[in-house]
Every structure is written in structure tokens, then in C-alpha cells.
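*Asks:* Mind having a look at this structure? Questions to follow.
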Amino acid sequence: MEFPYYPLNDFGPAMKGMVIGGLGIFHVFLAQFAIGGGMLMCYFQWLSQTGREPAAREALDGYFKFLVLVSFVAGALTGVAMWFTTIQISPRTIGMMVEEFHWIWATEWTFFCLEVAAGYAYYRCGGGLADRARMTLLALYSLAAWFSLFWINGILSWQLTPGGWTPAGSVWAGFFNPSFWPSLFYRTFAAMSIAALVACVVVNAHPRLSLGERDALIHRAAHFLIPMALMPVLGLWYLYAIPPDSRAWALGGSAAMTLFTGVAAGASLFVGLYALIGLNLQRVTINGATATLLCGLAFVATGGGEFVREGVRKPYTVRGALFSNSIAPSEVAELRRVGSVTRDPYPLRHPQAYPNDQVRLGAKVFRFLCGVCHTMDGANGLVHLAGTWTLEQLRLNIAKLQLTKPFMPPFAGTADELEALVQLISWTRAGRPEDWPLSNEVPTIVQIDRWLQEAGIHPASQREGKR
């Protein structure tokens, strides 16, 4: 077996997943605002040209138009940044996504090009066009933006719920996967809600609108918040569509996943109740400060939701096809036999900083098997996570990793590599002294190998069926 090794970037004390996760949350929020913003601009244009709200054109041609432009430009830039960051962190994952869905990516890019062209044309020329031409440009922008979401949603939801997809099967079986529709509707309603909340901020800040016009436009924009009433149903549909073990992480199986599920649900519920009861039923007036606070809560809800969506995939990055460290389940047995880093051609940075070859081996094992989700002593650091474990516990818990922590993949290396990783953690925990003894006692390696065999090569969710 020729394993595909890649040069990976190191982000110091920042966990790699944290880097791409933070960038991803910012990108998703911007992208969803750009999508919902296009829909709301169409609505405001219709209100203006039909005479229902003449002031809608003033709001449309003011700050909101500029913000939507900034959003889809910044969204495009952060989207490119996502590609650039992903290929430094998990190139095999992004490679599989491109290999399986290259024509769908190409289709999405054509819609994105239409979105950019229509949005920029409206920004530059919309003010001097007749109402029908303005609506045509806005409708093209809005439709292209939503279809961009449509194609991307299928690829992202495939990572968690591939459905009937296999590498040799139909791409459409993976695209229209079990979580495709609930996540698509949920993201659409989220995009509309974000656009409405930003519109409330913009309308309040507009200097040429009277108090009555502001109040009327805010309540018009609040109509876009009404679909939030369906978001709890969509959330339950999504939970039902994802695998049982992933659902368990969000509902108590993982403290972090459960916490962020609660944060996302709580923030969404607060915004939704305020929007439905306050803005749409009681027609209260909302000022700029309150609108800004609601926008902040929408960002929190987006962040929590994206954290959970990424987290519940564990121990996979593509369910059933790639573990979170980019090792395929079918490769674990072979890497257990020959070693995970035996053929790794990429040298360590500053190898002289390690006290001996065993610790250097442990550093390569950590980089290959652990580094995508952990640091040594920074964010989500192994030293902190295993800070109270004895040497025996380190060996046992890592050997039975998928049983120790069911959201972890099985250890995919030899007993010697596992002991090298244990020594790296112990050396780091001791303050990185210049001298460190070798640990190569035969009984220790034999015991580690026995534990590895007891744990097996399958993740915890499949272990019962493999006995």
C-alpha cells in the first residue's frame, strides 16, 4: 500500500481545526447574509415599484446595497481562504471532495460568477435603471446566490451523511443525501433571518428616512423572520437524518457538542421569539442597538451550529470513507503492520530540539495521526487532556483510543510508534528537558501490541458488529 503523504502547515499553539473552524463560521455568516440579502433586496424593490413602500427604494439604494456587495465580496475572499487553509490542514479530505464532485463544484462556480456579475452590475448601474431592469438584475443575483448554496450544501452534507454513496457509485446518491433537504431549508431560512436583522440595523441608521418610514420598513423586513418558526422542526428533522452516534454527541454524548447545540438553539430561539411575537405580532419598534444585539445573537447561533455540524462528524471527516486524521478505515490494519510514518518523506521542523530518535519518531506520529485536531500543549493539547494519566494509562488509553473516546479514530500505527508518542507527551509534560531516556523494553511493547489487538481496527460505533 502506498499511502499519500502531504506536507502540512503548523499553526503553533492554535489547533488546526480551530483555525479553519473560525474562518468557516465567518465565511458562512457572510455568505448567508449575501444570499438572504439578495432575496430581501428583491422584496424591497417590489415594495418600491408597486407603491406599497416608496421609501424602500431609498433604503435599498443606501447602505444595504453596499453591505450586500461587501458581504458577497468578503464571502468570496473567505471562501478562497477556506480552500487555501484546508489544503494546508487536510488536503486528502478536500482532494476527495473535488474528485467526487468536481462537476458540481464547476456548476456552483458558474452560478457564483453570475451572482458576482449581476450584483456588481446592480451596484454600478442600478440607480439609473427602470424598475423592471432593476428587478431583473436583483432576481438574477438572488437566484444565482441561492443556487450556489444549493450545490455547496449537497457537498457539505455529504460529509456527514453520504447515504447510498460509494466511491464507485453515483455522485447523485451522495449529493442528495439524507441531510440534504433539512440543511438546505434551514440554511435558507437562516439566510433570510440574517438579512432581515441587518436590514433593521441599516434602516435605523439611515439619515434620510423619517421615523414613520423606518418603522414601516422594519416591519416589512420582519416578514423575512417569520420562517424562523419552522427552524425547530427543521432542526429535529436534521437530527433524525444524521447517524445515531452523531446525534448522540449533540444530545449529551459530548459535553462540547451538547453545549454548542444548546448555545445555537438558545440564541436562535431568542431571536425567533422576539421576531415573531415582538416584531410581527405586537409590531413593536426596534432601535439600532436592539437590532445590532439580535445580529450578534444570529452570529452566535451560526457559530454554534457550524461547530456542531463539524463536530458531530467525528471520528470521520467523510463518514465511512476518511477518519478525521485523513486515514481511510481500510488502511488502519496495514498502518498498524508497517507503521504510520515509516514512509513519511517530510522531515520535522527543528529535529535537533528533540532529545533522541524515539521522541523524534513520536513527533512525526503526532503530526500525522493527531496534529489535525490537537496541539501538544496549546489549544486542545494532549499534555492537558492527558495531564493526570500515568505512563500505563497513556499507553492503554491511546492503544484503545476509539474505546477511550468514542469520537476518536482507532490508533493507526505500530506499538513502537505508540510508545514513541507516549514518550513525546511525557517529555513535553516534563518541560522538554535536554536529556530523556529511551523506553524500548520488550514487555512494554508486547503489552501495547496486545492492547491494540484487543481494541481492533474499527471505530466504536462499528465495533459490536465486528466481534
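Every number in this text was worked out from the coordinates using simple rules, so none of it is lab data. Just so it is clear, the model here is predicted, and its values are computed rather than measured. Note that we place each Cβ from the backbone using ideal geometry, even for glycine, and neighbour counts take in every protein chain shown.
*Asks:* Quick one: if the Förster radius is 41 Å, what FRET efficiency do residue 379 and residue 130 give, using the C-beta to C-beta distance and rounding to 0.05?
*Replies:* In this case the efficiency is close to 0.15.
*Asks:* Tell me whether the range 137-231 comes out rounded, prolate or oblate; compute the Cα gyration tensor, take square roots of the eigenvalues as a ≥ b ≥ c, and use a/c under 1.5 as the rounded threshold.
*Replies:* prolate
*Asks:* Here is a further query. With unit charges on the beta carbon (Lys/Arg positive, Asp/Glu negative), name the residue among 284, 236, 268 whose Cα is farthest towards the positive pole of the charge dipole of the chain.
*Replies:* 284
*Asks:* Out of the trypsin sites (Lys or Arg not before Pro) in the range 197-276, which ones are loop residues according to DSSP with at most 10 other C-beta atoms within 10 Å?
*Replies:* Filter output for the range 197-276: 208.
*Asks:* How do 94, 425, 327 line up, fewest other C-beta atoms within 10 Å first?
*Replies:* Taking fewest neighbouring Cβ atoms as first place, the list is 94, 327, 425.
*Asks:* Would you list the membrane-span-like helices of the chain, meaning whole DSSP H runs whose alpha-carbon atoms span at least 18 Å along their axis and whose mean Kyte-Doolittle value is at least -1.0?
*Replies:* Membrane-span-like by this rule: 16-49, 65-89, 91-125, 131-160, 180-205, 255-273, 288-311, 415-429, 442-455.
*Asks:* Semi-axes of the range 16-323's equivalent ellipsoid from the Cα gyration tensor, sqrt of 5 times each eigenvalue, largest first, rounded to whole Å?
*Replies:* Square roots of five times the eigenvalues give 34, 23, 16 Å.
*Asks:* By count of other Cβ within 10 Å, fewest leading, how are 446, 372 ordered?
*Replies:* 446, 372
*Asks:* How big, on average over all directions, is the shadow cast by the Cα convex hull of the range 1-53, in nm²?
*Replies:* The orientation-averaged projected area of the Cα hull of the range 1-53 comes to 7.1 nm².
*Asks:* How high is the relative contact order of the range 16-323, in percent, with contacts defined as C-alpha pairs under 8 Å that are six or more residues apart?
*Replies:* 22
*Asks:* Mean projection of the alpha-carbon convex hull of the range 322-451 over all orientations, in nm²?
*Replies:* 7.6
*Asks:* Does the range 404-467 come out rounded, prolate or oblate, given a ≥ b ≥ c as the square roots of the eigenvalues of its C-alpha gyration tensor, rounded meaning a/c under 1.5 and, failing that, prolate meaning a/b above b/c?
*Replies:* Verdict is oblate for the range 404-467.
*Asks:* Would you please give the FRET efficiency between residue 449 and residue 205, computed as 1/(1 + (r/R0)^6) with r the Cβ-Cβ distance and R0 = 60 Å, to the nearest 0.05?
*Replies:* My answer for the efficiency is 0.35.
*Asks:* To make sure I understand the rule: partners must be lysines, Cα under 26 Å from the Cα of residue 16, and not fewer than 8 residues away in the same chain. Which ones qualify?
*Replies:* Qualifying lysines at Cα under 26 Å: 314, 364, 400, 405.
*Asks:* With +1 on the Cβ of every Lys and Arg and -1 on the Cβ of every Asp and Glu, and nothing else charged, how large is the dipole of the range 188-329 about its Cα centre, in debye rounded to the nearest 20?
*Replies:* It works out to roughly 100 debye.
*Asks:* Can you work out the FRET efficiency for the pair residue 66 and residue 223, with r the C-beta to C-beta distance and R0 = 35 Å, to the nearest 0.05?
*Replies:* About 0.95, to the nearest 0.05.
*Asks:* May I ask for the net charge around residue 394, where only other residues with Cβ less than 11 Å from the Cβ of residue 394 are counted and Lys, Arg are +1 while Asp, Glu are -1?
*Replies:* Value of the local net charge: 0.
*Asks:* How do 141, 43, 123 rank when sorted from fewest to most other Cβ atoms within 10 Å of their own Cβ?
*Replies:* By the 10 Å Cβ count, ascending: 123, 43, 141.
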